[in-house]
Amino acid sequence: MNEIRVLSGIGDKGPACMQLKVNGQCWLLDCGHGPEANAHFDPSWLKGVDAVFVTHDHIDHIGGAAYAVEAGLPIYTTAQTAKALPPAAEVRLLLERGVHEIAGVTVTTGHNGHALGGVWLHFDIGDGLFYSGDWSEESAWFAFDLPPPAKTAILDCSYHLDNVPQSERLAALDARLDRLVGQILLPVPPSGRAGELALHLVERYGLDAVILDPECRTALKSALGSAVASEGLRKTAPQIAPLLERGDLADARFLICDTPNADGGAAWGYVRAWRESGRLGKDAHVVFTGHMTAHARGICSVPGGYFQRWNVHPPLRDQIRMLERLNAQVFAPAFCTCPEDYLIETGPGGSGLGAKVFLHESIQL
């Protein structure tokens, strides 16, 4: 019997971890930790597992990979994502866009529009199973590929029923930045928003206004310098190339730095220095653009900390459109609180999501 079980990722923005049983094999789809510090990967999820698939290198999808490596399990992922795995990992490469035969199952991958080397997964079982991981179709930086049809879908619904498009997000961000006087820190995941935020700011404010910290420069150099990785980027991506050859400029207006919640790396260094010098909230500011952990929320609770969302997950309209493209009949809304709200959005009298909402542990395929 083939089935997909949601071990973690339904009912909260918690670690991504799904268990797929197919053809006598047991596969783990993602092995995340966090994003909250107390949201751990459970090593018991590896019991009976034959292999692990990792969609991209963000911590809530890859943070538990060390346990898989310790268990001696092969990890299927792209060459770019594999760079974030422990050195001892037994990596079995997936193409960023391609078709693979694994243990008698046809597995199709495509660019997910969300992270360097990031992919969605489609399994040719039970009239098709689509696992989106995280995905976005609105990025001006990352490429996105359309998946094949699938009867069953586990969708990234991180933004829940929010339906604000990226165009409105950008207008709100620009308005916020224009109101702030002085330097602005933008904490980011280097393989995620770093490139697209840099591209947007360079186009609007010019090259001299923007710097990237060493971690972001390294990640983006790897992307632009690799023929394989660059296939996952839009044609406009090389516009930021001059930033990658420039060192730190202490007086630049916009500082794009690791880590995304300013709880480590250069981002935390700037926040700490600005607090100690009394600059935070005066001529130095922090603008978070993605999911905020308790640490980031703490920074936003004092003057100088702000939140302005930048879409890196699909708004409701794109969730609906994906279900229509897939011709899905059953779907699980992943990575959001209150997934039961989707019951109101579907079926007779709903908004026409067109698929049965699944909220339980397992789906038969």
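Things to note:
- Members of region 289-325 that are of a type in the set (Phe, Trp, Tyr), touching a Leu at 6+ places or on another chain (Cβ under 9 Å) and farther than 18 Å from residue 336 by Cα: 306
- Residues that are crowded, with 18+ Cβ neighbours inside 10 Å and acidic (Asp, Glu), drawn from region 95-111: 96
- Those residues of region 125-139 which are part of a loop (DSSP other than H, G, I, E, B) and more than 15 Å from the chain's Cα centre (by Cα), in sequence order: 125, 126, 127, 128
- Matching residues in region 112-124 - criterion: being assigned to a strand (DSSP E or B) and crowded, with 24+ Cβ neighbours inside 10 Å: 112, 119, 120, 121, 123
- The residue that is most open to solvent (accessible area, probe 1.4 Å), counting only those in region 169-191 that are assigned to a loop (DSSP other than H, G, I, E, B) and touching a strand residue (DSSP E or B) at 6+ places or on another chain (Cβ under 9 Å), is 181.
- Leading residue by the ranking (surrounded by the most Cβ atoms within 10 Å (Cβ to Cβ)) among those in region 343-357 that are in contact with a helix residue (DSSP H, G or I) (Cβ under 9 Å, 6 or more places away or on another chain) and at pLDDT 75 or above: 355
- The residues in region 55-93 that are open to solvent by 30 Å² or more (accessible area, probe 1.4 Å) and in contact with a Ser or Thr (Cβ under 6 Å, 6 or more places away or on another chain) can be counted, and the count is 1.
- Taken across region 232-246, residues that are among the charged types (D, E, K, R), assigned to a helix (DSSP H, G or I) and either under 20 Å from residue 112 (Cα atoms) or without any contact (Cβ under 8 Å) to a residue 60 or more places away in the chain (or both) do not occur at all.
- The set of residues in region 69-87 being part of a loop (DSSP other than H, G, I, E, B) and within 21 Å of residue 219 (Cα to Cα) consists of 78, 83, 84, 85, 86, 87.
- Residues (over 16 Å from the mean Cα position of the chain (by Cα) and either closer than 19 Å to residue 61 by Cβ or open to solvent by less than 40 Å² (accessible area, probe 1.4 Å) (or both)) located in region 149-168: 150, 152, 153, 165
- Residues considered: 91, 52. Of these, the only one that is among the aliphatic types (A, V, I, L, M) and within 28 Å of residue 291 (Cα to Cα) is 52.
The values are calculated or read from the model by the stated rules, or taken from the named source; none is laboratory data. Here the structure is a predicted model, which is why all the values come from computation and not from measurement. A quick note on method: Cβ atoms are made from the backbone with ideal geometry, for glycine too, and the neighbour counts reach across all protein chains shown. Ligands, DNA and RNA are stripped out before the accessible areas are found, and what is left, the full protein with its side chains, is counted by its heavy atoms. Shrake-Rupley method; radii C 1.70, N 1.55, O 1.52, S 1.80 Å.
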